[in-house]
Amino acid sequence: MSITAIIVLKIEDYEKFEAAFASRESERTDAGINAKAYRDMDDASKAVVIETVPSKEALFAFMAKPQIQQTMRNATIQESPDVTFLDG
């Protein structure tokens, strides 16, 4: 059973974010994570990622990997993401 995660990120540059996000698609797939990134239409400093993940633990383990942490820094993410998990 999978769950949905909505991740809201404060970013500096959406193009850099988008490029960094795309660069990790194969790692997300390998981790069983299906994700799509969106730009907030009303706030250019906000990106929203909607993901289907195997579990909360799987997402947190993926996000804790050093290479993913480095990618997040390269993506101009300004602060810790706000993560909401949905079941249903």
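All of the numbers you see were taken from the coordinates with simple rules; none came from a lab. Every value quoted in this text rests on a predicted model; they were computed, and no experiment measured them. Ideal geometry is used to build each Cβ from the backbone, glycine not excepted, and the neighbour counts take in all protein chains shown.
Here are a few things to note about the model shown:
- Electrostatic dipole magnitude of the chain [Cβ: Lys, Arg +1; Asp, Glu -1; Cα centre; debye, to 20]: 200 debye
- Straight-distance candidates among the aspartates and glutamates for linking to Lys10, with alpha-carbon spacing under 14 Å and chain neighbours fewer than 8 residues away dropped: Glu18, Asp40, Asp42, Asp43, Glu79, Asp82.
- Distance between segment 49-81 and segment 13-45 - C-alpha centres, whole angstrom: 10 Å
- Computed on the chain, with alpha-carbon pairs under 8 angstrom and 6+ residues apart, the relative contact order is 51 percent.
- Length released on extending from Asp13 to Asp43, taking residue separation times 0.36 nm less the Cα-Cα span: 9.6 nm
- Distant-in-sequence amide contacts of Lys46, defined by a placed amide H-H separation under 5 Å and a gap of 5 or more residues or a different chain, comprise Ile11, Asp40.
- The chain - mean residue ellipticity at 222 nm from DSSP helices (-39,500 (n - 2.57) per run, n ≥ 4, rounded to 500): -10500 deg cm²/dmol
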